[in-house]
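Enquirer: Before I ask anything, let me first share the structure, which is written out below as structure tokens.
The values are calculated or read from the model by the stated rules, or taken from the named source; none is laboratory data. Bear in mind the structure is a predicted one, so any value in this text is a computation, not a measurement. Here Cβ is always computed from backbone atoms with ideal geometry, including for glycine, and neighbour counts include all displayed protein chains. These accessible areas exclude ligands, DNA and RNA; they are computed on the full protein's heavy atoms, side chains included. Shrake-Rupley method; radii C 1.70, N 1.55, O 1.52, S 1.80 Å.
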Amino acid sequence: MLFNSLEYVLFLPLVVFLYYLTPGKYRWMLLLAASYYFYMCWKVEYIILILASTAIDYYAGIRMSRISRKRKRRPYLILSLVVNLGLLFSFKYFNFFTDSLNLAFEQFNIMAELPELKVMLPVGISFYTFQTLSYTIEVYKGNQQADHHLGYFALYVSYFPQLVAGPIERYDRLAPQLRKTTKLRYKNISRGLRLVLYGLFIKMVIADNLAIYVDQIYATPEKYMSGDLLTGIFFYSFQIYADFHGYSTIAIGTALMMGVNLMNNFKTPYLSANVMEFWKRWHISLSTWFRDYVYIPLGGSRVKTKSRWWFNIMAVFLISGLWHGANWTFVFWGGIFGVVYLIEYLIRKLFRPSEVKKFSAGHLIRILVNFLIVTFAWIFFRSQSIDDAFGMIKRLGGQSPDQAESLDIKLYVWIFLGFFILSDVLLYNKRFDKMLDKYHIIMRWIIYAILIWAVIVYAGIAKNPFIYFQF
Amino acid sequence: MKELKKISIRLLVLVLLLVLLNIGYKKLYYNNYKDINTEFVEILDKVSPSCKVLYVGESSNLTTRKDDTDKRWIHEFISACYPEIEFCDITKPASHAGTYYAFLRALPADHNIETVIVTLNLRSFNTVWIHSQLETNLQKNALMIQPYPPLVNRMMLSLKTYDEYSDEETTAMVMDDWENDPLPVPDDFPHKNVQKWDKWIATHGIKDSSGKKDPDKTILACHYVKGYAFQIDTLNNPRIKDFNKIVKLANKRNWNLVFNLMAENVDKANELLGNDLINIMDYNVDLLVDYYSRRGVTVVNNFRNVRNDQFINQKWTTEHYAEIGRKSVAKCVADSLKKFYPDQYKNRLKSGNIQFFNDYESEKSPFQGKANRQKKYAAAGKFSSMVSLDNKYSQTAVINNSKANYTSNSKIMVSAKLLAPTKNCSGLFVIEGRKNGKITDWRSFGIKETIESEERWYNFNKQITFDKKLQEADQVKLFFMAEEDTFYLDNFKIEVFTK
């Protein structure tokens with residue numbers, strides 16, 4: 001079930017309505033049933049994966065909570081890691097792994113044909129496995145008490161607003177909120193609905209309209225002039241942001257309607273002045289996960305040699321790239337960020353540039369440069385192969401085709417894109433629902449009317465499920 | 001309680017806002033067809049409220065052939081038989097029962113429609129059409145004419161409440177059906193499913209009379225198998241479900257309901273695949289006729305009503321007919337409407353047809369002259385006619401002008417199968433006009449262009465308009481004649497149509 005589907009438009013109010021009708025101590029049952037139903041709308045059988053992951057981590061958590069010595073808890077952590085990462089590997093990376101090995105064998109003239117698994121990628125598997133892993137790791141570290149209530153634990157793993165595309169919530173943030181009996185509050189419903197509406201707007205009107213042009217450009221780049229290619233490349237920067245940010249915003253809004261505060265996943269990332277800041281503002285729940293469970297265990301910055309630290313940085317970015325998809329393009333994309341991160345570090349170290357005032361000319365130039373770097377990296381993220389990505393880059397400065405096609409971008413697409421960029425600037429370090437509180441009620445309703453109108457009349461209707469579902 | 005009250009008030013305001021937005025959308029976009037996918041809205045708006053008979057169909061209604069002298073659509077031919085009744089149509093290429101239902105459901109209740117004629121296309125029941133890539137666009141347009149406020153319809157479109165599959169998904173679904181759907185064939189039939197049958201034909205090919213694989217015919221035969229080899233499952237086929245909905249709707253709205261079962265190219269199917277395929281087609285046709293007749297629908301069975309030469313597409317499976325084909329279909333439908341409008345019927349489609357046909361399987365013949373039957377070659381059956389220097393003229397069709405007033409709209413349609421044992425055969429087809437026994441007009445057409453290579457049967461087709469010279473003649477003769485080479489003639493057919 002997609003957030004921008006009729007099913008969800010009916011599902012959400014029904015769940016919220018039943019949620020407030022149900023006595024507090026039984027609400028977990030309703031939410032768990034709703035979450036499983038939500039997930040099974042994609043593929044019924046894949047619920048088994050969530051159930052397996054839930055059961056193993058629940059068991060591992062309970063067992064670890066009964067052992068005081070950390071070392072003795074380790075087998076249960078390994079069990080959780082093996083099962084969760086094993087599922088992730090089997091369903092997401094197995095074919096990538098065998099394809100890469102086959103290719104490597106070919107280089108050495110070894111004729112080995114490793115088998116291919118013909119399975120569909122379970123939607124959201126990267127998100128819920130990371131979420132539940134964070135729980136077992138924290139229990140192992142002794143930072144977290146194990147959950148003895150299977151129902152609440154299962155709900156933590158599968159809570160439908162953030163089940164398939166995040167934010168990847170930590171147990172200590174989400175579970176207590178799920179246990180709390182929230183009363184029906186106008187503020188929660190109102191703010192939640194505002195976020196859902198804004199999320200739908202940026203997904204359906206911005207991302208889905210831009211997708212039409214981006215898909216054309218990336219499908220047949222040879223047909224377009226470099227100006228159109230450049231437009232398509234920039235459009236993708238906004239498409240992926242609007243798409244994923246839209247999903248996260250709807251998720252946050254949905255949860256808020258039931259009194260649950262999910263973490264902010266995006267904080268106007270394109271207004272970042274460097275890559276380090278960008279990763280503090282983009283997909284925050286993932287970058288903090290990698291910080292806590294990959295970067296720090298590797299030693300973080302507290303390592304003996306600089307080269308080791310560089311290794312840690314590169315490892316995090318490369319793994320983060322691979323997390324996004326089973327393709328070398330994603331690894332390359334992660335690598336670009338790693339390299340740029342280290343270059344920026346060296347520049348800071350060598351030249352010690354002075355601090356600039358927020359939104360001064362110097363700051364704006366840095367924002368622009370950072371945006372160009374990020375946009376460049378997206379070319380690899382969006383392309384089907386690294387060759388395709390380089391082909392696209394070459395075409396930007398290459399010869400124009402004899403009979404070039406034109407993108408023919410509709411005026412309203414530019415208008416809404418402008419509106420989105422402006423709203424993003426206005427929302428710098430703020431959240432849409434809270435910002436609206438400052439406006440007069442009439443102004444608020446005018447904004448609602450515009451957003452509703454745009455969502456209904458100007459939604460892009462090409463086939464575009466949320467991009468991050470594939471991860 | 002206070003919180004609930006606050007929420008309720010806001011929800012009421014939201015509803016009011018939506019009502020206002022709906023009014024705005026309707027005035028600015030919907031009623032002017034200025035939004036995307038408003039094609040069906042426009043089609044529907046063109047249906048006059050005073051219209052009494054509504055014809056609903058796909059491209060078979062509107063497709064004409066270049067050489068048609070009368071390019072009227074099928075529904076216009078039907079309408080011509082009921083000049084006092086107002087007819088209208090809803091015609092959308094590639095549409096099917098689901099689309100028709102969307103249109104019919106959206107017809108305003110204050111329209112005066114009494115009778116609805118719905119196209120029943122056998123091929124639309126097959127998996128290729130069901131999973132066609134055109135379906136997404138049809139569904140998008142159909143969403144916009146749902147019986148809800150326009151803004152709600154538009155919202156459904158934005159929320160993508162239509163089917164959309166990638167090419168790979170579509171192919172997988174079709175292949176799955178071709179592999180698993182049973183065929184209504186005897187147990188000893190060698191091909192257990194469409195995939196296997198299709199593969200067999202592609203591998204073995206359709207042979208010409210010399211036993212060589214004919215690539216064009218092979219491709220066409222594969223199309224025919226994919227197009228017609230299926231068994232309609234009345235419980236699960238989506239078309240059946242949609243036609244059932246139309247029946248229910250017609251009952252509710254008190255409409256006379258006519259299903260116009262379209263003609264398929266049975267001649268071609270027979271030529272390519274013989275009874276194997278024809279039996280399957282017959283099975284499905286019988287099922288449809290029986291199924292809907294029992295539900296009180298007037299089913300007009302045009303299945304075998306159009307001959308091969310009237311099918312516009314000779315390299316594909318369609319229900320696109322030339323003028324005479326459209327007229328034949330229209331005539332049957334018009335006849336079926338007599339029971340609803342017995343006093344208004346005027347026979348405006350009477351053709352005054354004269355028909356000559358000889359497949360040379362028996363001695364009987366409407367043609368004049370010697371048949372010269374022989375068994376060496378036959379396009380169908382066992383016999384054909386030999387035309388050679390010893391028997392220089394084929395049988396002759398003699399048309400007497402004195403019996404009918406031919407006009408410039410009258411036409412002669414000639415079709416025949418021709419085979420030559422040698423290359424570059426030099427025979428002629430001749431039209432001869434006579435007045436008072438004297439030849440006043442003589443024209444010939446070489447058959448060399450038709451017979452591309454030796455030892456193969458080719459279709460000879462010719463359409464001749466009754467021009468001034470022919471009109472002046474009191475007798476017109478049509479025949480083949482040999483020049484130097486021998487050739488063979490089968491299924492010789494001449495039809496004369498008057499307006």
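Enquirer: Which residue, of B:51, B:88, is farther than 30 Å from residue B:169 by Cβ, part of a loop (DSSP other than H, G, I, E, B) and among the hydrophobic types (A, V, I, L, M, F, W, C)?
Expert: Going through B:51, B:88 in turn, just one is farther than 30 Å from residue B:169 by Cβ, part of a loop (DSSP other than H, G, I, E, B) and among the hydrophobic types (A, V, I, L, M, F, W, C): B:51.
Enquirer: Between B:98, B:24, which is free of Cβ contacts under 8 Å to residues at least 40 places away in the same chain and farther than 14 Å from residue B:260 by Cα?
Expert: Of the residues listed, the single one that is free of Cβ contacts under 8 Å to residues at least 40 places away in the same chain and farther than 14 Å from residue B:260 by Cα is B:24.
Enquirer: Can you name the number of the only condition in (1) over 30 Å from the mean Cα position of the chain (by Cα); (2) on the phi > 0 side of the Ramachandran plot that residue A:69 fails?
Expert: For residue A:69, the exception is condition (2).
Enquirer: Confirm whether residue B:103 is more than 20 Å from the chain's Cα centre (by Cα), closer than 30 Å to residue B:236 by Cβ and of a type outside the set (Lys, Arg).
Expert: When the stated conditions are applied, residue B:103 passes them.
Enquirer: Mind listing just one residue for me: the one in the stretch B:468-480 that is open to solvent by 20 Å² or more (accessible area, probe 1.4 Å) and in a strand (DSSP E or B) and, of those, nearest to residue B:388 (Cα to Cα)?
Expert: B:477
Enquirer: Still on this model: Identify the residue in the stretch A:179-192 that is closer than 19 Å to residue A:451 by Cβ and more than 9 Å from every other protein chain (Cβ to nearest Cβ) and, among all such residues, is surrounded by the fewest Cβ atoms within 10 Å (Cβ to Cβ).
Expert: Here the answer is A:191.
Enquirer: Spot the failing condition for residue B:80; the list is (1) open to solvent by 40 Å² or more (accessible area, probe 1.4 Å); (2) more than 14 Å from chain A (Cβ to nearest Cβ), and only one is missed.
Expert: (1)
Enquirer: Of the residues that make up the stretch A:208-225, is at least one open to solvent by 10 Å² or more (accessible area, probe 1.4 Å), modelled with pLDDT under 95, closer than 27 Å to residue A:364 by Cα and in a helix (DSSP H, G or I)?
Expert: no
Enquirer: Residues B:38, B:99, B:63, B:91: which one is in contact with a Gly (Cβ under 7 Å, 6 or more places away or on another chain) and either over 30 Å from residue B:125 (Cα atoms) or β-branched (Val, Ile, Thr) (or both)?
Expert: Within the list B:38, B:99, B:63, B:91, the selection yields B:91.
Enquirer: Being of a type in the set (D, E, K, R), outside any helix (DSSP H, G or I) and more than 25 Å from the chain's Cα centre (by Cα) is the filter here, so list the residues in the stretch A:136-190 that pass it.
Expert: If the condition is that a residue be of a type in the set (D, E, K, R), outside any helix (DSSP H, G or I) and more than 25 Å from the chain's Cα centre (by Cα), then A:147, A:180, A:183, A:185 are the ones that fit.
Enquirer: Still on this model: Are any residues in the stretch B:155-177 surrounded by 14 or more Cβ atoms within 10 Å (Cβ to Cβ), assigned to a helix (DSSP H, G or I) and either more than 29 Å from the chain's Cα centre (by Cα) or facing chain A (nearest Cβ under 7 Å) (or both), and if so, which ones?
Expert: Of everything in the stretch B:155-177, those that are surrounded by 14 or more Cβ atoms within 10 Å (Cβ to Cβ), assigned to a helix (DSSP H, G or I) and either more than 29 Å from the chain's Cα centre (by Cα) or facing chain A (nearest Cβ under 7 Å) (or both) turn out to be B:155, B:156, B:157, B:158.
Enquirer: Within the stretch A:395-419, how many residues are modelled with pLDDT of 90 or more and not hydrophobic (A, V, I, L, M, F, W, C)?
Expert: Going through the stretch A:395-419 one residue at a time, the tally reaches 3.
Enquirer: Exposed (fewer than 13 other Cβ atoms within 10 Å of the Cβ) and outside any loop (DSSP other than H, G, I, E, B): is that true of residue A:414 in this structure?
Expert: Considered against the rule, which asks whether it is exposed (fewer than 13 other Cβ atoms within 10 Å of the Cβ) and outside any loop (DSSP other than H, G, I, E, B), residue A:414 comes out as yes.
Enquirer: Conditions: (1) away from chain B (no Cβ under 14 Å); (2) within 22 Å of residue A:22 (Cα to Cα); (3) of a type in the set (Ser, Thr, Tyr). Residue A:272 meets all but one. Number of the miss?
Expert: Condition (2) is where residue A:272 drops out.
Enquirer: Can you tell me which residues in the stretch A:430-450 are away from chain B (no Cβ under 14 Å), of a type outside the set (D, E, K, R) and open to solvent by less than 70 Å² (accessible area, probe 1.4 Å)?
Expert: A:432, A:435
Enquirer: Same structure, new question: Can you tell me which residues in the stretch A:353-387 are of a type in the set (A, V, I, L, M) and in a helix (DSSP H, G or I)?
Expert: Answer for the stretch A:353-387, where residues must be of a type in the set (A, V, I, L, M) and in a helix (DSSP H, G or I): A:361, A:364, A:365, A:367, A:368, A:369, A:372, A:373, A:374, A:377, A:379, A:386.
Enquirer: Further question: Here are some residues: A:422, A:427, A:396. Which one is at negative phi, touching a helix residue (DSSP H, G or I) at 6+ places or on another chain (Cβ under 9 Å) and surrounded by fewer than 17 Cβ atoms within 10 Å (Cβ to Cβ)?
Expert: Testing whether each residue is at negative phi, touching a helix residue (DSSP H, G or I) at 6+ places or on another chain (Cβ under 9 Å) and surrounded by fewer than 17 Cβ atoms within 10 Å (Cβ to Cβ) leaves just A:396.
Enquirer: Let me ask something else about it. Report yes if residue A:336 is among the aliphatic types (A, V, I, L, M) and either out of contact with any helix residue (DSSP H, G or I) (no Cβ under 8 Å at 6 or more places or on another chain) or surrounded by fewer than 19 Cβ atoms within 10 Å (Cβ to Cβ) (or both), otherwise no.
Expert: No, not satisfied.
Enquirer: Does residue A:269 satisfy the criteria of being under 30 Å from residue A:162 (Cβ atoms) and open to solvent by less than 70 Å² (accessible area, probe 1.4 Å)?
Expert: Judged against the criteria, residue A:269 is a match.
Enquirer: While we're looking at this one, here's another question. Mind listing whichever residues of the stretch A:381-415 are in contact (Cβ under 8 Å) with a residue 60 or more places away in the chain and among the β-branched types (Val, Ile, Thr)?
Expert: A:409, A:413, listed by residue number.
Enquirer: Turning to a different aspect of this structure: Kindly list the number of the only condition in (1) more than 30 Å from residue A:322 (Cβ to Cβ); (2) loosely packed, with under 13 Cβ neighbours inside 10 Å; (3) more than 14 Å from every other protein chain (Cβ to nearest Cβ) that fails for residue A:407.
Expert: (2)
Enquirer: Let me ask another. Identify all residues within the stretch B:1-56 that are open to solvent by 70 Å² or more (accessible area, probe 1.4 Å), closer than 30 Å to residue B:115 by Cα and facing chain A (nearest Cβ under 10 Å); write none if there are none.
Expert: Once the filter is applied, which keeps residues that are open to solvent by 70 Å² or more (accessible area, probe 1.4 Å), closer than 30 Å to residue B:115 by Cα and facing chain A (nearest Cβ under 10 Å), the stretch B:1-56 yields nothing.
Enquirer: Out of curiosity, is residue B:151 within 12 Å of chain A (Cβ to nearest Cβ), outside any loop (DSSP other than H, G, I, E, B) and buried (at least 18 other Cβ atoms within 10 Å of the Cβ)?
Expert: So residue B:151 fits the description; yes.
Enquirer: Turning to a different aspect of this structure: Among the residues of the stretch A:451-462, are any crowded, with 20+ Cβ neighbours inside 10 Å, hydroxyl-bearing (Ser, Thr, Tyr) and touching a helix residue (DSSP H, G or I) at 6+ places or on another chain (Cβ under 9 Å)?
Expert: Yes, the stretch A:451-462 contains at least one residue that is crowded, with 20+ Cβ neighbours inside 10 Å, hydroxyl-bearing (Ser, Thr, Tyr) and touching a helix residue (DSSP H, G or I) at 6+ places or on another chain (Cβ under 9 Å).
Enquirer: Tell me yes or no: at least one residue of the stretch A:20-29 is within 14 Å of chain B (Cβ to nearest Cβ) and either touching a Phe, Trp or Tyr at 6+ places or on another chain (Cβ under 7 Å) or within 21 Å of residue A:184 (Cα to Cα) (or both).
Expert: Yes: one or more hits.
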